[in-house]
Every structure is written in structure tokens, then in C-alpha cells.
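Notes follow the structure.
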Amino acid sequence: MNLSLGFPELPEHGAKSERAGLTAALTRFQEWMARPESPIRAIQHQPAREAQYAALPEALPASLRQALEKRGIRQLYAHQAEAFARIAEGRNVVIVTPTASGKTLCYNLPVLERLTREPEARAMYLFPTKALAEDQLHEFQGLVESMGSDVRAFTYDGDTPQDARKAIRERANVVLTNPDMLHSGILPHHTRWAKCFENLRYFVIDELHYYRGVYGSHLANVIRRLKRVCEFYGSSPQFICSSATIANPRELAQALIEAPCEPVDINGAPSGDKYIVFYNPPVVNRQLGIRRSYLHEARRLALETIERGQQTLVFANSRLATEVLVTYLKDACARKPLSAEAVRGYRGGYLPRERREIERKLREGGIRAVVATNALELGIDIGSLDAVVMAGYPGTIASTWQRAGRAGRRLGPSIAVLVASSAPLDQYIVEHPDYFFGASPEHAYINADNLELLLSHIKCAAFELPIRDGERFGAHGPKKAAELCRFLEELGFLHPSAGAWHWTSDTYPADAVSLRAVTSDNFVVIDITGEHRVIGEVSFPAALTTLHEKAIYLHEARQYQVERFDYDQRKAYVRSVDCDYFTDAIDYTQVKVLDEFETSPVAAAAAAHGEVRVNRQVVGFKKVKFYTLENVGAGHLSMPEQEMHTTAFWLHFPASFLALFPDLSPTERQNGLTGLGNALRAVGALLVMCDPRDLGVALTEDIASGLKSFEPNLYLYDNYPGGIGQSAPLFRLTRDLLARTAELLAACPCDSGCPSCVGPAGEIGARGKEAARRILAELLIARES
């Protein structure tokens, strides 16, 4: 790999049109890069790589060998052969190779070999999306048909017809499903799946890196329940995981399955030449740090690749951005020789039939461009594309590589362009390409023993099978499980009898547990403009800031004003309005340290992590005008105060440290710390591979100290009750966190603060950015010494 300002000679292999189109694109980027203040921040060339092969395993049955040969596969890639060997030895494995490297065969081959040898055996495949499960089903069935085998494979998800479900439960050798269906549709009804669980030999978890944070913590508990059910039926499945490149795939796999797992991380697959370009839209207002719209720039770059005859995939980070870009590109193509039908959108919410049609036309070349959300990021077969344009950083390096890998799935050359938005995370990545292109720094973390999650899944587990006295559920052992069972007995959910805890409630616990949230206590949004109808659902934490009375609730680009907020019944009543502003809640947050787990000095300050109590109250709201974002009004509120126990990482600044900045007023120091908190949250989210919204930020004085002088704590806390495992890694990464935050501030061209670094100058004051940089410099000088 090399970062280059020039371009190596393009290879001779590949179609001439591909080479010509790519040459034109690279020449254009090279010209831009030569300009002063060029928007091109990096161009990286990944040279073509030849395949590393291994012989087909001797254990493969003749029918499977012949099926592979019909597809032109007479030998395996090195990682496929190694995976087969490890799995044959009975080991759990995690396969870590890039997009389009043939990971599917790594698990399909051992599964088909076992099913041929043992027809009664069963396997279950877990995919994060229904679309990916459908795609993998077609791949699997194609191989089975080539074998002339009677192995039966089916998807089992929310779209599966009721009349087909019984047949699938009884006849399927391989079931392809998703975490939600396993959680609420399979495990609670395990008696209907008795034959499957009695003979379950393999459990495949694809796209492992997706299961991090809350989602991953939930899945780890679902896997605990799966293993309980399998043990009841006398089986012990082997786990086969596959992941994109992250820093700790083995650690994540072992945390999810709670068993030893061996990595297979050599990559024997070939690839064509790839060029990856980082594009940062030009600054149009240096003082305010405002750049050109990243959506407009992405549209322009995509249009250029389309006009050069390159089949292009455009990624957007939201449904709204996807639809906006589809509109832009369709309009532009309609004015050119191309038809508007040459451009299609692809996202969740489209009917399965529409998605299959778009995938087919992409493979056949009938569509020139598709604008997609992350729905096409995964390994769905869409053939080979020439160019990928990413409108905004996807949030993780792993996801970015997966999106870039969608181009050049043949051996021909390809190009991928990342267009950065003004978000701090985007700006850090695009201005520090060495961080991106180096060894993967991203760690995926989970906390399967979060008390709220554990309690929810113990309910589900007890519904499925009585919890035996002395049974372990979670990392804290049988004692903790018994304690939680006694608590649930007090609430009327469980009853002890004959050495076990039995479910006694008439409720169905899995329905009340969302795998994407710690609590399922959601608010329902009811439109009362005409006939009353439910138009949405909002999570409990978000409801307090978005559904308070007089709030403007945005839904599918329409505005509704909240008329009544019924806290007790968890309902918000809204009426359709036409206004030119939206509302932004003003909240007051107080954090108190309950237990300090570890601490370490940082200059005259200190870093620590531990358990905290967060008290948060929405006290008012601002009216913000669309487009200009000017404040056009405000209102006072008196919402119920919310209390949450969670975990946090924090920096403590004693008076002696702040005294090092005598020329800064107390207000300027406080503004500097506020701005520093905004930047730390963005970089912290990058380091622990989470959404910035998963981290709360608060600046409060240490109440327990009782000191009259200003000695604040700057907290980054897990924004979920009980914490989800992000504060301890942040504490361990304190040095890296501070250094990379300093790099973010240094690289931002604004004078006194903007949304790309510490926040707008209007919120943190004229010297807020200066104060934040000086505080960081002092912390880092001391740590270096």
C-alpha cells in the first residue's frame, strides 16, 4: 500500500474502456491535487494481488468436488483451505478477510461436507439483514443443485409465510435467519424446532463486526440462550464467524460466543488494482469553517463517473440523503443522453421484489448507477462495479473498506472516492489518511453483562426453559443469576419450584426486548390532524428531547407540532403544521461519581473511569430556522428529571492545572473545556467504533469535593443505563485519545471553532478553540515527558 501524489502505470489486464475511464478519473484527481488548497487529501493505490491457492481438501465428497469444478473452482484460496482444516478439527473459527475474498465458501464447504456425510445434521446461518440472507440462500442453493443433492435450505424471517414455517422447522437442513428472528421467533418456540436443535452441528455468524455496542451485547445474550437450548437437546454446535478487518476480531468473537475461537486471517484471494481517493469539499467561509455541501459534491463526482461510462455505486448515510441524491442524479441524467431510469435508489423500505430487480439489473449492466444506504454494503452479489462514491464517512473504517470493496469485484481496476461531510469524525479521517490506511486501529466492544440487558434476557431464558439452581447465566456466575431470579420473583415473573425458577407471567418477554436498545420503553407518536393514527415510535431517551410539548417533530420531511405529551402512558399527540423552523431541546446534565475503578495522572490533571449517576432534565427549547439555522425563538419547559446509572471516562482538572492559563477568564476556560468535550466525543467514538451518540458528554464540578474553586470533571459517559463497555477502553486509550483530538483541532482550518472540531464559535465563545488547544497541549506535553 502507498499514499501517492502521482499514479503508477495502470495494468494492461482488464477491459480497455475500464482502463480509459479510470485513467481519465485519476488524471482529473491528479490535476486537482496539484492546485493550492486542493480538495484531494489523499490518493492511495492498492496494487493488484495474485491469488494464493491450496488444493481441494481430500475430505470433500465427489459430488461437491464436481459442483465446484462446474463453477471453474479446481482449487481453493489459501484462507478457504485453512478454514476448512480448522473447522474439520472441531474448532470455532473467525475468518477475517476483505470484501469479495470468498468468505462464503469458508463456511459453505464444511457445512455441505457434513450434511453429505450426515444427512440428519443441521446448520443455522445468522445474517444481520434479510436481504443478505436471501442472497446467501441463492448462492447456497445453486451449489446444492450443482451437487444433485437433496440438502434443503430456507430463510426463516418475518417475511416467511405462516403456512411454510412448519415445513421449514421440520425439513430444513440449513436455516438462514437474523438475530431478531432467532431472539423472538425461534428460541421462545424451541419445542417446535426440536429436530433442528437436537442435530445442530454448525452455527454461522456472518458480518461479525456489526455486532458491537448495544446490538452486540444483546446478541451475546441471545447466544447464551441458544447454547442453553442446545444443551437441553443434547447438542453443542461449532461456531463459524466471519468479519471485516478490525483490530480485535478474535476478542469480539470470544466475547460473543463465550468460547475459544481461532482466527483465520491470511488472504489468498486475488484482486485488481484499486485506487482510493479522499475528497474534502472546499471551504467557502474560513472564519465559520463552512464547506461546500458534501451531497452536492458527491452528486457531481458520481455524475462524472457515470458520464465516463463507469458503472457506479453511491453510498449515503441516511434514507433522506439517499432519496435526495437519487433525485439529483435522475434529474441530471434526464438532461443528458442517459435516461433517468439509468439511476436507481436502494434502501430498506423498498419491497423485496424491487431490490431483487435492482440487484439483477446491476449484475446485467442495465443500470448505470445506484444510490444506496448500508443495505448494499454487505456481501450481496451485485456483480462488478467500476466506481464507488461515498457521500460521508460511514462511521467506521471497517464499513468504509467494505463499501470501497464493492468496486472492482472482478480483477479489473476500480476507484472509490470518500467525500467528507463537515462532521468532526469525517474531518479527522479525511485529514489523517495515514490513520485510515495503516493497520486497523478499531476495536469492537460489547458488555453482555449490562444489568438491564442481563435482566431482560434472563426473563427470556426462563420463558424458554426453567433456570436451574446453580445455573450460570452471564460472566458473574450462578450467584448473580440466582440474585436476579429472586428479584424477578418479587416482580411476579418467576416462581421457585423443584430446584428451578419457572416463568409464571402470562406475558411474552421476547416481544418486549429490542435488540437495538437497552430499554424497550418507547413512546408512540399519534397524529391527531384528522383521524387518529400512529405515525412513529421514539425511544424513551430521545422522546424527552424530541416530543416535549411545542416541539416540532419531523417525520418523512413533514412537520408536526406536539400538542400533548403523556409521560405516564408513553404517548405523544401531534398535529400537522407548516412552519419554517425546527426545535432543539436545551437540557441540563449533572454527573456524580459513584465508584472510581481506576485513575492515572495526566500532567497536573487526572484521567479516571468508573460508575456514575447521570441526572438529566430538559429545561427548555430553541426554535431554529431551516437553512439559515438562526435562532428565532425559545421556550421554557419543566420535564421530569431522568436518572441513569452508567459507566464513564473522565478527566479531572484541579485548580492548579487551570491556573496554568492566567490570561483566560473562568468563562473562557469553561468554554475551552466544553469545546474539548465535543472534540473528544468525536475521536472517542472513532477509537471504540461506536456512534458518537452512544457517548454522552458533560462538564460538571466534582460535587463531592466541596471545594469553592472551579475544579471541573469532563465526562464521556456511556449513553445507556448500566454502560455498554466503552469507558474502560477510553481510559486505556487516554494518550491516543488526547493526541488524535489535538490532531483534529490542528487540521481544522477554522479560526475560532466550527461544527467540524470544537463546535460553533457562537456556542463556545471567540476563544473557545484556542483554550481547548492550549489545554490539550499542556496535557500532552506532560504525558510525553
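Here are the numbers:
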quantity: Candidates PHE203, PHE197 - the one that is aromatic (Phe, Trp, Tyr), more than 20 Å from the chain's Cα centre (by Cα) and not in a helix (DSSP H, G or I); calculated: PHE203
quantity: Residue that is most open to solvent (accessible area, probe 1.4 Å), among those in the range 141-179 that are among the hydrophobic types (A, V, I, L, M, F, W, C) and free of Cβ contacts under 8 Å to residues at least 24 places away in the same chain; calculated: PHE154
quantity: Residue satisfying condition, being surrounded by 22 or more Cβ atoms within 10 Å (Cβ to Cβ) and at pLDDT 85 or above, within set ALA332, ALA316; calculated: ALA316
quantity: Residue match in the range 522-529 (condition: open to solvent by less than 60 Å² (accessible area, probe 1.4 Å), in contact with a Phe, Trp or Tyr (Cβ under 8 Å, 6 or more places away or on another chain) and assigned to a helix (DSSP H, G or I)); calculated: no
quantity: Subset of the range 261-303 [more than 30 Å from ALA51 (Cα to Cα) and among the hydrophobic types (A, V, I, L, M, F, W, C)]; calculated: VAL283, VAL284, LEU288, ILE290, LEU295, ALA298, LEU301, ALA302, LEU303
quantity: Output for the range 565-594, where each listed residue is within 16 Å of PHE540 (Cα to Cα) and either surrounded by fewer than 14 Cβ atoms within 10 Å (Cβ to Cβ) or out of contact with any strand residue (DSSP E or B) (no Cβ under 7 Å at 6 or more places or on another chain) (or both); calculated: ASP566, TYR567, ASP568, GLN569
quantity: Checklist (1) modelled with pLDDT of 90 or more; (2) aromatic (Phe, Trp, Tyr); (3) open to solvent by less than 50 Å² (accessible area, probe 1.4 Å); (4) under 26 Å from ARG225 (Cβ atoms) applied to PHE540, failing item; calculated: (1)
quantity: Residues located in the range 237-277, provided they are assigned to a loop (DSSP other than H, G, I, E, B) and modelled with pLDDT of 95 or more; calculated: PRO237, GLU258, ALA259, PRO260, CYS261
quantity: Selection status of THR545, within 23 Å of GLU643 (Cβ to Cβ), open to solvent by 30 Å² or more (accessible area, probe 1.4 Å) and outside any strand (DSSP E or B); calculated: yes
quantity: Residue within the range 706-726 that is without any contact (Cβ under 8 Å) to a residue 24 or more places away in the chain, open to solvent by 10 Å² or more (accessible area, probe 1.4 Å) and over 25 Å from the mean Cα position of the chain (by Cα) present; calculated: yes
quantity: Scope the range 99-127; condition in a loop (DSSP other than H, G, I, E, B) and open to solvent by less than 10 Å² (accessible area, probe 1.4 Å); matching residues; calculated: SER101, ALA121, PHE127
quantity: Filtered residues of the range 278-289 (kept if outside any loop (DSSP other than H, G, I, E, B) and surrounded by fewer than 23 Cβ atoms within 10 Å (Cβ to Cβ)); calculated: VAL283, VAL284, ASN285
quantity: Restricting the range 62-98 to residues that are assigned to a loop (DSSP other than H, G, I, E, B) and under 22 Å from PRO237 (Cα atoms), the residue that is nearest to the chain's Cα centre (by Cα); calculated: ASN92
quantity: Complete set of residues in the range 226-249 that are within 17 Å of ARG472 (Cα to Cα), more than 24 Å from the chain's Cα centre (by Cα) and open to solvent by less than 40 Å² (accessible area, probe 1.4 Å); calculated: ARG228, VAL229, CYS230
quantity: Subset of the range 250-273 (residues that are open to solvent by less than 10 Å² (accessible area, probe 1.4 Å) and within 25 Å of the chain's Cα centre (by Cα)); calculated: LEU252, ALA253, LEU256, ILE257, CYS261, VAL264
quantity: Subset of the range 360-384 that is acidic (Asp, Glu) and open to solvent by 10 Å² or more (accessible area, probe 1.4 Å) - its residue that is modelled with the lowest pLDDT; calculated: ASP381
quantity: Residue list for the range 28-82, filter: more than 30 Å from GLN141 (Cβ to Cβ), basic (Lys, Arg) and without any contact (Cβ under 8 Å) to a residue 12 or more places away in the chain; calculated: ARG35
quantity: Those residues of the range 61-85 which are closer than 22 Å to PRO119 by Cα and of a type outside the set (Gly, Ala, Ser), in sequence order; calculated: PRO61, LEU64, ARG65, GLN66, LEU68, PHE84
quantity: Selected residue [assigned to a helix (DSSP H, G or I), out of contact with any Phe, Trp or Tyr (no Cβ under 7 Å at 6 or more places or on another chain) and within 18 Å of ASP426 (Cα to Cα)] from ALA298, ALA332, ALA302; calculated: ALA298
quantity: Conditions (1) in contact (Cβ under 8 Å) with a residue 24 or more places away in the chain; (2) farther than 21 Å from GLY392 by Cα; (3) out of contact with any Gly (no Cβ under 8 Å at 6 or more places or on another chain): number failed by GLY762; calculated: (1)
quantity: 1 or more residues at pLDDT 95 or above, open to solvent by less than 50 Å² (accessible area, probe 1.4 Å) and of a type outside the set (Ser, Thr, Tyr): qualifying strands (runs of 3 or more DSSP E) within the range 599-682; calculated: 605-625, 642-652
quantity: Listing of helices (runs of 4 or more DSSP H) fully contained in the range 721-785 that carry 1 or more residues being in contact with a His (Cβ under 7 Å, 6 or more places away or on another chain); calculated: 727-732, 734-747
quantity: Count - residues of the range 390-431 that are in a strand (DSSP E or B) and at pLDDT 90 or above; calculated: 7
quantity: Pair list, Cβ < 9 Å and 6+ apart or interchain, from the range 521-534 residues that are in contact (Cβ under 8 Å) with a residue 24 or more places away in the chain and more than 12 Å from ARG564 (Cα to Cα) to residues that are of a type in the set (Gly, Ala, Ser) and part of a loop (DSSP other than H, G, I, E, B); calculated: ASP521/SER539; ASN522/SER514; ASN522/SER539; PHE523/SER539
quantity: Top-ranked residue of the range 11-46 - restricted to ones that are over 14 Å from PRO282 (Cα atoms) and hydroxyl-bearing (Ser, Thr, Tyr), ranked as modelled with the lowest pLDDT; calculated: SER17
quantity: Selected residue [small (Gly, Ala, Ser), crowded, with 17+ Cβ neighbours inside 10 Å, under 29 Å from the mean Cα position of the chain (by Cα) and closer than 14 Å to GLN670 by Cβ] from GLY768, GLY759; calculated: GLY759
quantity: Wholly within the range 432-495, helices (runs of 4 or more DSSP H) carrying at least 2 residues that are open to solvent by 60 Å² or more (accessible area, probe 1.4 Å) and either modelled with pLDDT of 90 or more or of a type in the set (S, T, N, Q) (or both); calculated: 478-490
quantity: Check on ALA321, surrounded by fewer than 22 Cβ atoms within 10 Å (Cβ to Cβ) and either under 27 Å from the mean Cα position of the chain (by Cα) or assigned to a helix (DSSP H, G or I) (or both); calculated: yes
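The values are calculated or read from the model by the stated rules, or taken from the named source; none is laboratory data. All values derive from a computational prediction rather than experimental measurement. With ideal geometry, Cβ positions are generated from the backbone for all residues, glycine too; neighbour counts draw on all protein chains shown. Surface areas here come from the heavy atoms of the whole protein model, side chains and all, with no ligands, DNA or RNA. Shrake-Rupley method; radii C 1.70, N 1.55, O 1.52, S 1.80 Å.
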